[in-house]
Each structure stands twice: as C-alpha cells, then as structure tokens.
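Student: This is the structure I have questions about; it appears just below.
Every read-out reported here was derived from the displayed coordinates using simple, explicitly stated rules and does not represent laboratory data. The structure displayed is predicted, hence computed values, not measured ones. Here the Cβ is made from the backbone with ideal geometry for all residues, glycine too, and neighbour counts use every protein chain on show.
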Amino acid sequence: MEHNEEGKGTFSLNEDGSKETSELRTELTEKNRKLHHIFNHSRDGMTLSNQNGTLIEVNQACCEIFELDKATIKTKLIGYHVAPEGREAFKQMRIDLQKKGYVVEKLPIILMNGKRKVVELSITHQAYRDLNLSIIRDVTSETDLYNKMMDNKEKLASVFECALDGILLWNEDRCIVDANPAACELFNVSREEIQSYNLFDFLEGTNISIGKSFQKILEERGEIRGDIQFTMAGGNKKDLEFTSKKSIYGNLYMTIYRDITETKRMIVDLKESEERFRRLFEGALDGMAILNEEGIIVNINRACCRLFSLDSNSVIHSHYSEVENDCEIIWDHSSEYGMSGEGKRVNPVTNQTQVFNFTLSYHIYPGHHLVIIRDVTEIKNAEENLRRTETSHVLGDLAAGVAHEIRNPLSTIKGFLQLLDGNDSVNQELLKVVEVEMEQVEEIVNEFLLLSKREFSSYESVNMNILLKEVIQRLSTKAVDNSIDIVEVYGDIDIYCVCIRSHIKQVLSNIIENGIESMSNGGALRVKLSEKGSFVMIEVEDKGNGIPLHLIDRLGEPYYQISEKGTGLGLMVSYKVVKEHGGHIDVSSKEGLGTIFRITLPSKVEQNKNSIEMRRDKIDYD
C-alpha cells in the first residue's frame, strides 16, 4: 500500500466507496427481506410473471385462491383459469397493460376442481425488474352480495310499481314524496300531481284529529296499523286500511293502503243478516238446531227446547244423539242438499205419541248444518181421523145392512135351537157346538152394530174391577189352552167409570184376546187397572213378537189385524168406542219383546151422557 499523500488520498476514496456499497447492499438486503415477507404473507394472491405470461413466482394466498399447490400453478400461464365469458376482458387487459402500465378488472374464473369464483385482478407492468406483478383478490362473496342487493333492488322496485295496494312515501311534514300507480289510482290523482299533496289534504272533519292521533302513535312506536276514512280528489269517500312504518329510508315514512270500503259495507250487511237470522232463529215456532260436521249442537232455539223439554245451556256442545229423548227418526228422503224424515216419541208427561217432521239442510254455512223440527202430531191425527172416518162411513153403512140381513135369520135359527134343546132324538153335543158358533156369529153382528152406530146404549157407573174380572174369566179357558197365565193387578180400592158397559166390555175382550193370540209360546199376560186423577187406565201387556214401529199407526184400520186370526174389526171397533167415550188408546211395542196397550178413559163423564151423539157426529164429520 502506498503512503504518499496521493496514495493516501486514493486509499481514503476506496475505503469510503466500499462502505457505501456495503450499506447499500445491507439496505437492499433488508428491503428484499421485507418484500419477500410481504409477498409470502399477503392475504391477497401475488404472482410474478414474464412478458409471455409464464409464472415465475406465486405466494401462498394465490395457492389458496386457486386451491392448487405452487408447483402446479407455476405450470400454467397467467389467465389460464379465466372463465370463457371473461377471456375477452382478459385479452383487453393485456393490451391496455402495454399502454397504461397498470390495469385492474374483475374476472370470473373456473378452478381445476370445477368450482367457480370471481377475482379482482390488478397487473403492474415490469414492477420488479422486467417481471409483471399481479395481485389477485377473491371477491366472490362481495360480488354475490352485490348481485343480491341489485336483485333485491329490482324486486323492490317491481313490488312498488306493481303492487295492488297503494304505497305512499312521505316525509316528517306529511308531504308525499312518491307514490306507486295503485296509490295514484286509489286517491284519484296523477303521479306528478300527488307529490304536491299533504297526507292530511285527504282527511276531513274528525278524521283529521284521528289522523294526528295515528301519527303520534307512529312516532312513539315506529309503526302503526289502523283504518280511517279518506276523501279522495273529486269528493269520493273511501275507507282505507293502512300500515305505516317510520324511517324506512332516511327520514321518510312508508304507508301501505288497502281499500276496505266494500269490505266494511259487506261486514255491516253481514251483521244485519246475522241479526235477522238470529231473530228468525230464536222467534221461529218450529224447532231449530245448528250442528257442526261431527253432529255437535252449536246452537238451539227456544222452540226446539220446548218441543223436547230441554235446557239450552245443558245441550250446547252435546252430540245430537244424546238429546233425542227416545225420538225414533226414520229418514225417508235424502239429496245432496240435505234429507228429511219423520220421528215419533212418547211424551213422558202426557204419555201420548208425538209425531215430528225433521228437515236437515247441509252446509248452511261452512261446516255447519241446520235441523228444522216441526210438531205435526195434530196434523197427522187429523189426517188419520179423516181417513178412518171416510172408511168408517162406508163400513158403517155396509155393517148396518149386513147386520140387519144376518140378524133376522139368526133369530130364527136361535129359536129352533131352543126348541131342539133337550130333544133326545138330536145329538146334544153337536147342538152345543152349534150354539157356541152361534154365539160367535152374534158377537160379530154386535161388532157390526157398534160400527154402524145403529145401536145406542145408556151410560152407567161401572165397577171396572168387576168388569175386568168378568172379561178375564170369560177368556181364561182360551188362555189356559195357550199356556198363558193372566196376571191381574188391581189397586186397594174399586175403580168406577161412567161408560157404556157392553161397549167397554167388548173393547177389553178384543184387546186381551189379541194379547193371548199374539203369545204363541205362552207366558204371562199382565193386565193392570189403575186410576190417575180423573182418568181410568187399563194396561194390557203381552210378551208376543211385538209390532214394528211403522205399523203401529195402522192399528184400528179396517181389516188390519196383528194376529193371523180375525178380521181386524175388533181393533177398529175398540178405537172407535174409546174415542166416543172421550178416551184414547196408546200402543208401545218392541219387536221380540212384546206390546203394551194403554186404554185411558175419563172416570167422570156425566157431560158425555148428554153429548155422546154430538161426539159421534163430530167423529163422523171429521
């Protein structure tokens, strides 16, 4: 090393230059280290590529975006993953890069596993030496969110424009800012004109104070729902239901309106109709009940409760079968709209048979049916009396003629029989048989006479105990022959009845004899005599086969009999006689168990002695 001054000076320069170079290298090394750290630890993907698009270096974030390892990515050119719909935009980026030095674009990409993403790609020309720096950011979520927001915006705009309900946007001063077409049509104002209106311009009178109250509640709660009457442009009044929301956008309010004018009118009409129906329902003379589809009683009127002796509070929510009170209903007509039928029951108070007409109408309103019940007992009785009376007229005239023609030769025959009685030349056993048959013929003639009304007898006070015992004594032989035990039930004292003895005796004989004939298998025939108030009641209960319900009403008709024997005149005469005495015959029967005939007669009928002919004439006339 030289030590002259020139040499010294030269040494000093070399020493300073080496120092600067060392510092520069240190600084560059530090910067490279930092750049290397940023490159490898960036959350965004980074690549270095040459001008041909070959990837020289990629960071880990880039691998995660493309879901590939570094070795695989480096085998691809930049832009390899761009989707077909984004390739034209990528080509334009390469062109613009040469001119501008920096480009950025959002591109759709397709990964090698088929997944689709959207990335934001920015490229800087020759950012490092002659290499291009690309920064890749995954914006798939942001893009999806943006697309959804734009889609929702379009939907909201579509809803606003196409909604059937009117929508108004207004500010805190109640000035209308915007309105959809439905609102303009509702308020009868054009879209341009409506923005010059204040909400309260459409309110009049007390509705203004009501509107202010609604707005106060809206400020407190942030939302409100109600209805109010508006006066539209042109003076037309409408009832509008509205829903208001506070501050849906900035300082604006939104109100949705729906025209309920017609609905309110219909509600008023419906209430009036319901009131009319309620009055008709409660005031109807016919019984009415409303049932649901399960047969549960929803409502019942007073007439129905009265007909069946019910308490409305106790039957509501009960099944209709629980409140029929032994009313046997036969439905005889049905259609898609309902059905009708007839029912019968024995009134527990009067012990008389009641007849009802039932009409069931389906779905008078959704899920509910209406039952209308009418008591037609009197009508049925009148019809039956008329039918029987017409028949009785014909048979009465016929019976009178037949009885007259038979009685004359019968008297002659009886006279000769009396002459032959005791004659040894005549077989007396055969003669007795003829006498028995003659008695049978006489009984038939007597029935004819009763039927023809040509025989009149006087009333007398009859001991019913003795009369009933005489009848039973006369029929005892026939009962024994049929293995029947007649059980007699009497009270502690004798019972008297003012009646025509022979006629009532004939009635009792007919009914007890019918009971005996009905018990083909033998058994016990129960005969009970009792007194209830001013009435005498005789019950004849057999254990025969019983009578079907629909045939009970035919009892008393001409030539209709309940046994295989007889003509049916016995019952017809019995019904006629009892009715002439002011009484009635009731029959209850169950098939296979037996039948009960109840004969009810007034015990004190002094007035009937004087009016028997009047009653007979009335029966015939009716």
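Student: Provide Rg over Rh for segment 78-175; use the alpha carbon set for both Rg and the Kirkwood Rh (inverse mean inverse pair distance).
Tutor: Using Cα coordinates only, the ratio equals 1.25.
Student: Using the count of nearby Cβ atoms within 10 Å as a rough guide to exposure, how do Val480, Val441, Val323 rank from fewest to most?
Tutor: Exposure proxy ranking, most exposed first: Val480, Val441, Val323.
Student: Only counting other Cβ atoms within 10 Å, I'd like Glu539, Glu294 sorted with the fewest neighbours first.
Tutor: Ascending Cβ contact count within 10 Å gives the list Glu294, Glu539.
Student: Let me ask something additional. So how far apart, in nm, are the two label points at Glu142 and Val487 if each is 7 Å from Cα heading toward Cβ?
Tutor: Going by the 7 Å Cα→Cβ label model, 10.6 nm.
Student: Using label points projected 7 Å from each Cα along Cα→Cβ, tell me how many nm separate Glu67 and Asp96, to one decimal.
Tutor: In this crude spin-label approximation the distance works out to 2.9 nm.
Student: Quick check: from the Cα gyration tensor, does segment 168-267 come out rounded (a/c under 1.5), prolate or oblate?
Tutor: Oblate, since a/c reaches 1.5 and b/c is not below a/b.
Student: Please identify every one of the trypsin sites (Lys or Arg not before Pro) in segment 458-546 that sits in a loop by DSSP and has no more than 12 other beta carbons within 10 Å of its own beta carbon.
Tutor: Hits after loop and neighbour filter: nothing returned.
Student: With 10 angstrom as the radius, rank Met149, Met232 by how many other C-beta atoms surround their C-beta, starting from the fewest.
Tutor: Met149, Met232
Student: I want to check the label-to-label distance for Glu172 and Asp44. Put each point 7 Å from Cα in the C-beta direction and report it in nm to one decimal.
Tutor: 4.2 nm
Student: With the cut-off at 30 Å, tell me which of the pairs Lys380/Lys532; Lys74/Lys117; Lys271/Lys380 have Cα atoms farther apart than that.
Tutor: Exceeds cut-off: Lys271/Lys380.
Student: Roughly speaking, what is the stretch gain from Arg279 to Leu420, that is 0.36 nm per residue apart minus the C-alpha to C-alpha distance, in nm to one decimal?
Tutor: 42.5 nm
Student: Please work out the FRET efficiency for the pair Glu294 and Ser476, using the Cβ-Cβ distance as r and a Förster radius of 41 Å; give the result to the nearest 0.05.
Tutor: FRET efficiency, Glu294 to Ser476: 0.15.
Student: Choose one of Leu310, Val349, Gly338: the residue whose Cα lies farthest towards the positive end of the charge dipole of segment 272-373 (beta-carbon charges +1 Lys, Arg; -1 Asp, Glu; about the Cα centre).
Tutor: Selected residue: Val349.
Student: Using a 7 Å offset from Cα along Cα-Cβ at Asn357, what residues in segment 278-302 end up with backbone N under 18 Å from the label point?
Tutor: 284-289
Student: Another question, then. Using 1/(1 + (r/R0)^6) with R0 = 30 angstrom and r between the beta carbons of Glu120 and Ser158, what's the FRET efficiency to the nearest 0.05?
Tutor: 0.50
Student: Compute the distance from the alpha-carbon center of segment 255-293 to that of segment 47-112, in whole Å.
Tutor: So the separation of the two Cα centres works out to 75 Å.
Student: Using each residue's phi in segment 224-236, evaluate 6.51 cos²θ - 1.76 cosθ + 1.60 at θ = phi - 60° and report the 3J(HN,Hα) Karplus result to the nearest Hz, with x for Gly and Pro.
Tutor: Each residue's phi maps through the Karplus curve to give 7, 9, x, 8, 7, 8, 10, 9, 7, 4, x, x, 6 Hz.
Student: Something else about it: Report the GluC sites (Glu not before Pro) located in segment 143-174 that are in a DSSP loop and have at most 15 other Cβ atoms inside 10 Å of their Cβ, or state none.
Tutor: Of the GluC sites (Glu not before Pro), the ones in loops of segment 143-174 whose Cβ has at most 15 other Cβ atoms within 10 Å are Glu172.
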